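Undergrad: Here it is, the structure, as C-alpha cells.
What follows draws every value from the coordinates through simple rules; no lab data is involved. Computed from a prediction, not measured in an experiment: that's the story for all the values here. Using ideal geometry, Cβ is built from the backbone for each residue, glycine included, and neighbour counts are taken over all protein chains shown.
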C-alpha cells in the first residue's frame with residue numbers, strides 16, 4: 001500500500017513514523033520518484049532515540065542519526081528528503097523525554113494513510129498491522145498542517161541529512 005502511494009506521488013509526500021528499518025527498500029519507490037520528479041517535495045518526521053543511560057550529547061546523536069539515515073535508511077544516489085525530529089526525544093532525563101510515535105503518510109494533499117505500522121520491512125510485509133487510506137483534501141490538509149505548524153514553533157527541528 002505505502003509503496004504504491006510513494007510511486008504515484010506527483011507534488012508532495014509527508015511521512016511521519018517512529019521506527020525505520022530496511023529503509024532503503026521501504027523508501028525505494030519514493031526516492032526513485034524524487035529522482036524522476038525533481039520538484040517533488042518530501043518531508044519526513046522521524047523519531048531520534050536516546051537509549052537508556054546514554055549520555056551522548058544531543059549534537060552527536062543527531063549526527064549519528066543523519067549519517068545512519070543517509071547510509072542505511074535512504075536509497076543510495078537518490079535525492080534526500082527534508083527530515084525533522086522532536087528535540088524532546090534527546091532529553092537526558094527520561095521523565096522529560098518524548099518520542100515521535102505517529103505513523104502516517106500524506107501524498108499530494110489528497111491521500112492520507114494512517115497506520116499502526118512503522119516503516120520497516122516486517123511491518124510492510126509480515127506483521128499484523130492495520131491502516132486506513134482516506135482520499136480527502138480536507139483531512140490531508142489537516143494532517144499536513146499539524147506537522148508543518150510544529151516546525152516554526154520549534155517543536156520539531158530539521159536534521160541536516
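Undergrad: With label points built 7 Å along Cα→Cβ from the Cα atoms of residue 4 and residue 122, find their separation and express it in nm.
TA: Label at residue 4, label at residue 122, 2.5 nm between them.
Undergrad: If packing is taken as the average number of other Cβ atoms within 10 Å across a peptide's residues, how do 15-23, 117-125 rank, most packed first?
TA: Per-residue Cβ counts within 10 Å, averaged per peptide and sorted highest first, yield 15-23, 117-125.
Undergrad: Here's something else I'd like to know. Take the chain, connect every pair of alpha-carbon atoms lying under 10 Å apart with a spring to form a Gaussian network, then pick out the residue of 89, 136, 116 with the largest mean-square fluctuation.
TA: Sorting by GNM fluctuation, first place goes to 136.
Undergrad: Provide the percentage of antiparallel DSSP beta bridges, counting only those with both residues in segment 2-159; round to the nearest 5. Before the final figure, lay out the partial values.
TA: Details: 16 of 27 bridges.
Antiparallel bridges: around 60 percent, rounded to the nearest 5.
Undergrad: Suppose each label sits 7 Å from its Cα in the direction of the beta carbon; what would the residue 98-residue 59 distance come out to in nanometres?
TA: Computed distance between label sites residue 98 and residue 59 equals 2.4 nm.
Undergrad: Between segment 81-144 and segment 1-43, how many Å separate their Cα centres?
TA: One Cα centre to the other: 13 Å.
Undergrad: Still on this structure: Over the chain, with a Gaussian network built from C-alpha contacts below 10 Å, which listed residue (67, 111, 127) shows the highest mean-square fluctuation?
TA: Among 67, 111, 127, the largest GNM mean-square fluctuation belongs to 127.
Undergrad: Who wins for biggest fluctuation among 103, 126, 41 in a Gaussian network model of the chain, springs between alpha carbons below 10 Å?
TA: 126
Undergrad: Which of (1) 16.1; (2) 18.4; (3) 17.6 is the computed Kirkwood radius over Cα pairs in Å for the structure on display?
TA: For Kirkwood radius over Cα pairs in Å, the calculated option is (1).
Undergrad: Run lengths n ≥ 4 of DSSP H only: what is the helix-derived mean residue ellipticity at 222 nm for the chain, with -39500 (n - 2.57) per run over all residues, to the nearest 500?
TA: On the way: 6 runs with 50 residues, N = 161.
That calculation yields -8500 deg cm²/dmol at 222 nm.
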